[in-house]
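All remarks here apply to the structure that follows.
What follows is calculated from the coordinates using simple rules that are stated; it is not laboratory data. Predicted, not measured: the structure shown is a model, and the values here were computed from it. Backbone-built Cβ (ideal geometry, glycine too); neighbour counts: all protein chains shown.
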């Protein structure tokens, strides 16, 4: 299992557009991917409702995990998405 920590870059957190972009990318990996607020319970990163339900705000740390071939590369791309300010 691979793990990666990222800091939420979007000014509105992982809501609406940033969450949608993240979920689409997580689904496209074809891997089981989870996301959790630092110290919180992980949720399915392929579910828009679960990702938005995290309530991850700008500047908060989230932990991404994935399992399978190519997990490290997938998490690197997903972490980059989380850290980008999609509201700029």
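The table below gives the values:
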read-out	value
Ascending count of other beta-carbon atoms within 10 Å, so fewest first, for 69, 60, 83	69, 83, 60
Rounded to 10°, Cα long-axis angle of helix 16-28 versus longest principal axis of the chain	10
Net lengthening on full extension, residue 84/residue 57 (0.36 nm per residue, minus Cα-Cα)	8.4 nm
Least to most buried among 52, 1 (fewest other Cβ within 10 Å first)	1, 52
Fewest-first ranking of 31, 49, 14, using other Cβ atoms within 10 Å as the exposure measure	49, 31, 14
Acute angle (nearest 10 degrees) that the helix 71-83 long axis makes with the longest principal axis of the chain, alpha-carbon atoms	0
The chain, relative contact order [Cα under 8 Å, separation at least 6], %	49
Helix-only CD estimate at 222 nm, as mean residue ellipticity for the chain, using -39500 (n - 2.57) per DSSP H run (n ≥ 4)	-11000 deg cm²/dmol
